[in-house]
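The block underneath contains the structure these notes are about, expressed in structure tokens.
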Amino acid sequence: MSARFRPEVYAVDFGTSNSLLSAASAEATCPPIPLDDAAADPTVLRSLLFFGQERFSCGAAAIGDFVANGMQGRFIRSIKKYLPDRSFSGTQIGHRVVTIEDLIGRFLREMRDRANRHFDADVGRVVLGRPAKFSTDPADDRLAEERLERAARIAGFREVFFCPEPVAAAHDFHLELDRGAVVLVADFGGGTSDYTIVRMRPEGFAPSDVLSLGGVSIAGDALDGSLMRHKIARHFGAEVTYRVPLGSNQLTMPRPIVEKLCSPADMTVLQHRDVLAFLRDVKAWSLGTEDRQRMDNLLCLVEDSLAFRVFEEIERSKCALSSEAVAEFRFDYPSMHLRERIAREEFEAGSERQIDAVLRALDQTVQDAGLSFDGVDVVCCTGGTARVPALRRGIERRFGQGKVRQLRSFHSVVQGLAERARSLAAASA
């Protein structure tokens with residue numbers, strides 16, 4: 001990038017798991033910039049936030065600070081998926097309630113500040129990616145976008161523009177076209193699976209060329225949750241049996257508690273005093289030594305705030321199953337050493353409901369475009385979840401293996417957002 005490049009508009013791909021930033025002027029775009037020197041890929045800032053007593057950090061630093069702080073403080077991940085959730089307006093941090101807009105705004109402000117330092121500039125305009133659908137409920141979808149816009153303004157952006165993430169990925173792909181084609185762009189992220197069907201030409205496409213948008217709030221995080229539910233949760237008391245004093249019935253762990261184990265964010269509910277008291281009672285009432293050990297594991301998981309670390313290992317196992325028939329979940333902590341063999345067939349059986357929901361949303365998007373599967377010329381997949389074999393097989397069964405292409409997993413969307421930002425900069429030049 002020339003030293004004379006002066007950004008006029010930032011392009012921000014704020015993701016459930018990872019976030020990236022690029023920039024544009026009226027004449028050019030730049031590649032994604034380094035945001036996190038501690039990351040394996042410095043252009044990828046993990047969407048993680050840590051609030052300590054006197055410290056805020058994000059990305060790789062959030063993990064380090066959380067561990068260095070004895071896993072005390074508030075560690076927040078996957079905050080984006082709560083944007084359409086009316087029941088979640090904020091969370092308690094210290095002695096005050098922080099709104100979801102303030103949480104995301106703090107993260108976006110950190111991205112903006114790092115970009116401003118990188119370019120030695122003060123940029124007040126941004127193109128933000130957003131899912132094709134935050135929610136299937138139009139009112140909740142509007143709520144999510146309004147919240148994200150308020151967060152961007154809290155971050156210091158004065159002008160905020162939105163572009164659906166799969167449309168952005170399509171912008172990036174059109175640069176590779178040498179002829180007209182009907183293209184399906186499928187963006188499989190951490191929180192949402194999003195689709196765009198667009199009629200493309202080598203010179204680009206207009207808004208009227210977008211034939212349909214679709215999606216569902218099920219993606220990589222939900223698949224991690226299915227692995228926890230079907231293979232790992234038993235190590236944390238999901239299958240314990242117990243009997244209350246003076247009672248005769250043999251009881252099992254209540255289903256709502258088991259479901260809370262399947263999401264790191266939901267697991268914070270288990271830290272409430274009354275829930276912890278119940279879990280300690282279940283341990284005391286457990287009917288066997290093995291069950292008591294598993295309740296010890298659960299209490300350690302909750303009290304020592306180990307959810308993030310456990311789900312990191314679950315995600316590692318899931319990723320391994322994309323290329324291997326068998327993976328081993330391994331989790332070591334001073335009081336526990338867990339091992340669980342996971343076969344790909346077990347993972348696929350446990351996640352069948354989630355994969356089916358993702359593919360049904362795809363079918364609906366094709367139907368909304370007024371097309372058959374044969375009417376789509378190219379299928380472009382982006383996002384890490386696109387590598388899940390069961391999902392890829394479902395796509396290939398519909399369109400044929402020869403039509404399916406894998407775009408750059410992390411950079412496709414942000415590069416397309418940068419193209420959109422360049423158009424906006426040129427229009428106001």
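Summary of values
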{"quantity": "Residue, farthest from the chain's Cα centre (by Cα), within segment 363-402, restricted to residues that are under 16 Å from PHE188 (Cβ atoms) and not in a helix (DSSP H, G or I)", "calculated": "VAL379"}
{"quantity": "Helices (runs of 4 or more DSSP H) within segment 221-306 that include 3 or more residues more than 25 Å from SER17 (Cα to Cα) and at pLDDT 95 or above", "calculated": "273-285, 289-303"}
{"quantity": "Failed condition for ARG179, given (1) modelled with pLDDT under 85; (2) assigned to a helix (DSSP H, G or I)", "calculated": "(2)"}
{"quantity": "Selection status of ALA349, assigned to a helix (DSSP H, G or I), in contact with a Phe, Trp or Tyr (Cβ under 9 Å, 6 or more places away or on another chain), loosely packed, with under 15 Cβ neighbours inside 10 Å and aliphatic (A, V, I, L, M)", "calculated": "no"}
{"quantity": "Checking ARG339 against (1) assigned to a helix (DSSP H, G or I); (2) at pLDDT 95 or above; (3) among the charged types (D, E, K, R), the condition it does not meet", "calculated": "(1)"}
{"quantity": "Candidate set: segment 228-256, residues that are among the β-branched types (Val, Ile, Thr) and surrounded by fewer than 18 Cβ atoms within 10 Å (Cβ to Cβ); chosen: the one nearest to the chain's Cα centre (by Cα)", "calculated": "THR252"}
{"quantity": "Residue count for segment 71-89, restricted to those that are at pLDDT below 85 and surrounded by fewer than 17 Cβ atoms within 10 Å (Cβ to Cβ)", "calculated": "2"}
{"quantity": "Any hit, segment 400-408, residues being under 22 Å from ARG130 (Cβ atoms), touching a residue at least 40 places away in the same chain (Cβ under 8 Å) and surrounded by 21 or more Cβ atoms within 10 Å (Cβ to Cβ)", "calculated": "yes"}
{"quantity": "From the options ALA386, ALA327, ALA369, residue that is under 17 Å from PRO166 (Cα atoms), in contact with a Leu (Cβ under 7 Å, 6 or more places away or on another chain) and of a type in the set (Gly, Ala, Ser)", "calculated": "ALA369"}
{"quantity": "Cβ-Cβ under 8 Å pairs, at least 6 apart or on other chains, segment 249-265 side within 18 Å of GLY288 (Cβ to Cβ), far side surrounded by 14 or more Cβ atoms within 10 Å (Cβ to Cβ) and polar (S, T, N, Q)", "calculated": "GLN250/THR241; LEU251/THR241; THR252/THR241"}
{"quantity": "Residue in segment 164-176 that is in a helix (DSSP H, G or I), of a type outside the set (Ser, Thr, Tyr), free of Cβ contacts under 8 Å to residues at least 40 places away in the same chain and in the same structural domain as GLY15 (by TED's automatic domain parsing) present", "calculated": "yes"}
{"quantity": "Odd one out for PRO34, checked against (1) of a type outside the set (A, V, I, L, M); (2) surrounded by fewer than 19 Cβ atoms within 10 Å (Cβ to Cβ); (3) free of Cβ contacts under 8 Å to residues at least 60 places away in the same chain", "calculated": "(3)"}
{"quantity": "Inter-residue pairs, beta-carbon under 8 Å, first assigned by TED's automatic domain parsing to the domain that holds LEU48 and in segment 89-107, second exposed (fewer than 12 other Cβ atoms within 10 Å of the Cβ), 6+ apart", "calculated": "GLY90/VAL97; THR91/VAL97; GLY94/GLN53; VAL98/GLN92"}
{"quantity": "Test for GLY129: is it among the small types (Gly, Ala, Ser), free of Cβ contacts under 8 Å to residues at least 60 places away in the same chain and under 20 Å from GLU8 (Cα atoms)", "calculated": "no"}
{"quantity": "Hits in segment 183-220 - residues which are surrounded by fewer than 17 Cβ atoms within 10 Å (Cβ to Cβ) and either touching a residue at least 40 places away in the same chain (Cβ under 8 Å) or assigned to a loop (DSSP other than H, G, I, E, B) (or both)", "calculated": "PRO202, GLU203, ALA206"}
{"quantity": "Filter result (among the aliphatic types (A, V, I, L, M) and either buried (at least 17 other Cβ atoms within 10 Å of the Cβ) or part of a strand (DSSP E or B) (or both)) within segment 106-135", "calculated": "LEU108, MET111, ALA115, VAL123, VAL126, VAL127, LEU128, ALA132"}
{"quantity": "Criterion: within 25 Å of GLN406 (Cα to Cα), touching a strand residue (DSSP E or B) at 6+ places or on another chain (Cβ under 6 Å) and modelled with pLDDT under 95 - qualifying residue of VAL358, VAL378, VAL326", "calculated": "VAL378"}
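The values are calculated or read from the model by the stated rules, or taken from the named source; none is laboratory data. Quick caveat: nothing in here was measured; it's all calculated off a predicted structure. Please note: Cβ atoms are built from the backbone with ideal geometry, for glycine as well, and neighbour counts cover all protein chains shown.
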